[in-house]
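Below: the structure, in structure tokens.
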Amino acid sequence: MMWPAVSAMFIKWAPPFEKSRIIGFATSGANIGNVIALPLGGFLCGLEDGWKLMFYLFGFLGILWFVLFVCLTADSPLEHRFISSEEKSFVITHTCEDFTKINEEEPLRTKVNKPYRIPWMSIFTSKPSIAIFIAHLCHNWGNYMFLTQLPSFMKDVLRFDIKSNGLFSSIPYISCWMCAMISSVISDKLIISGTISKSSIRKIFNGIGLIVPMIAVLLLSMVTCANPYMGVALLAFGVGFLGCNSGAGFQVNINEIGGDFSGILFGISNTFATISGIVSPYIVGVLTPDSTQHEWQHVFYLTAVIYLFGAIVYILFSKASIEKWAKNCN
């Protein structure tokens, strides 16, 4: 529920020339969470009843985040309690065409809150939407697979102990955070320069965000416990470059084609993509009954095919301009 809600907020908070950075910076917080949680979880699990403390700690942090989110955020600059008038004017001017076309007969707040019909059929039959759904699903396949199964791979194949496992398992997510940051900055600079179309920028970065991980997992299939640190390095590339998708790829693209329906579009996309989180751990379990390096090769081959499929579909069918059904929202 959080991701679609936040995605809808970006429409009124993220100017086009800052969109990649704002969305990339905001969503990459999930990677920082993994960086903290994985080594901390490894440390706590080494204590007596430490696994219980882990649930209490992260549950409390979730409640704390919710309180801060409710107190410090607003749907739009108009409703924010702490924003300065200069920043409010800047954000409003650069985020919504309607904000610059206000007249006395139709006040701003009425325009912004005007009800509209959701074009479900148009969303589900739109090629750019389908491209995002597929790219998101393929991205999440690797993301959830590594998130849930990486500690097992580290222990069973690379032979790291539980404390080292937690530490080294966090390295790929540091890399992912860095890639999201760097790709979002480069993307916005390219958009501002006008040297390349926005659509091409999204295709390039999303292609990098799936093709580089594809190459990394293919190489990872050849790694054994004889060279575990090579495995960590390849995981850093494989998981790390997935950050390009959230920093400058499909995750930013949702807000570019969806307009006021971006939250709904993200919700649909995330629903499909979360299927990976259900299926991938099960498939890994089926393919690795004895957790051998040879069995893990099959997992990595399958993941490489999925990454390649997602990259091809997104490159062929994505676009970066608002869809017709998103313009005609009334």
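Select from Phe168, Trp3, Phe17 the residue farthest towards the positive end of the dipole of the chain; place +1 on Cβ of Lys and Arg, -1 on Cβ of Asp and Glu, and compute about the Cα centre.
After comparing all options, I get Phe17.
Treating the Cα atoms of region 29-84 as identical point scatterers in vacuum, please give the log10 of the normalised Debye intensity I(q)/I(0) at q = 0.29 Å⁻¹, two decimals.
With one equal scatterer per Cα and no solvent, log10 I(q)/I(0) is -1.11.
Which shape class applies to region 268-330: rounded if a/c is under 1.5, otherwise prolate when a/b exceeds b/c and oblate if not, where a ≥ b ≥ c are the square roots of the Cα gyration tensor eigenvalues? Could the numbers behind the result be given before it?
Details: a/c = 7.34, a/b = 2.38, b/c = 3.09.
Verdict is oblate for region 268-330.
So how tilted is helix 162-193 from the main axis of the chain? Cα-based, degrees 0 to 90, rounded to 10.
30 degrees
Rounded to the nearest 20 debye, what is the charge dipole size of the chain about its Cα centre when +1 sits on each Lys and Arg Cβ and -1 on each Asp and Glu Cβ? Could you put the intermediate results ahead of the total?
Working: 22 positive and 20 negative charges, 111 e Å.
Dipole about the Cα centre, nearest 20: 540 debye.
Compute the accessible area per residue over region 121-277, keeping the other protein chains in place, probe 1.4 Å, unit Å².
For region 121-277, the solvent-accessible area averages 35 Å² per residue.
Could you work out which residue, out of Ser184, Ser169, Ser193, moves most in a Gaussian network model of the chain, that is, has the largest mean-square fluctuation with Cα springs under 10 Å?
Of Ser184, Ser169, Ser193, the most mobile in the Gaussian network model is Ser193.
Two decimals, Cα atoms only, Kirkwood Rh: what is Rg/Rh over region 1-68? Don't skip to the end; give the middle numbers.
Numbers: Rg = 15.9 Å, Rh = 14.1 Å.
Value, to two decimals: 1.12.
Normalising by the residue count of the chain, find the relative contact order in percent from Cα pairs under 8 Å and 6+ residues apart.
Numbers: 484 pairs, mean separation 103.8, N = 330.
Relative contact order for the chain comes out at 31 percent.
More than 30 angstrom separation, counting every C-alpha pair in the chain; what % is that?
Beyond 30 Å sits 39 percent of the P(r) for the chain.
If we restrict to alpha carbons, what Rg and Dmax does region 233-273 come to, in Å?
Final numbers for Rg and Dmax: 12.6, 41 Å.
Mind computing the radius of gyration and Dmax over the alpha-carbon atoms of region 177-330? Å is fine for both.
Every Cα atom of region 177-330 included, Rg and Dmax give 17.6, 62 Å.
For region 208-265, rounded, prolate or oblate, judged on the Cα gyration tensor with a ≥ b ≥ c (square roots of eigenvalues), a/c < 1.5 rounded, else prolate if a/b > b/c?
Working: a/c = 4.44, a/b = 4.00, b/c = 1.11.
It comes out prolate by the Cα gyration axes.
Between helix 293-317 and the chain, what is the angle of the helix's C-alpha long axis to the longest principal axis, kept within 0 to 90° and rounded to the nearest 10?
Approximately 20 degrees, to the nearest 10.
On C-alpha positions alone, give me the angle between the axis of helix 127-156 and the longest principal axis of the chain, in degrees, nearest 10.
30 degrees
The values are calculated or read from the model by the stated rules, or taken from the named source; none is laboratory data. Everything numeric in this text was worked out from a predicted model, so none of it was measured. Because the Cβ atoms are built from the backbone with ideal geometry, glycine has one as well, and the counts that use them run over all protein chains shown. Keep in mind that these areas ignore ligands, DNA and RNA; they rest on the heavy atoms of the full protein, side chains included. Shrake-Rupley method; radii C 1.70, N 1.55, O 1.52, S 1.80 Å.
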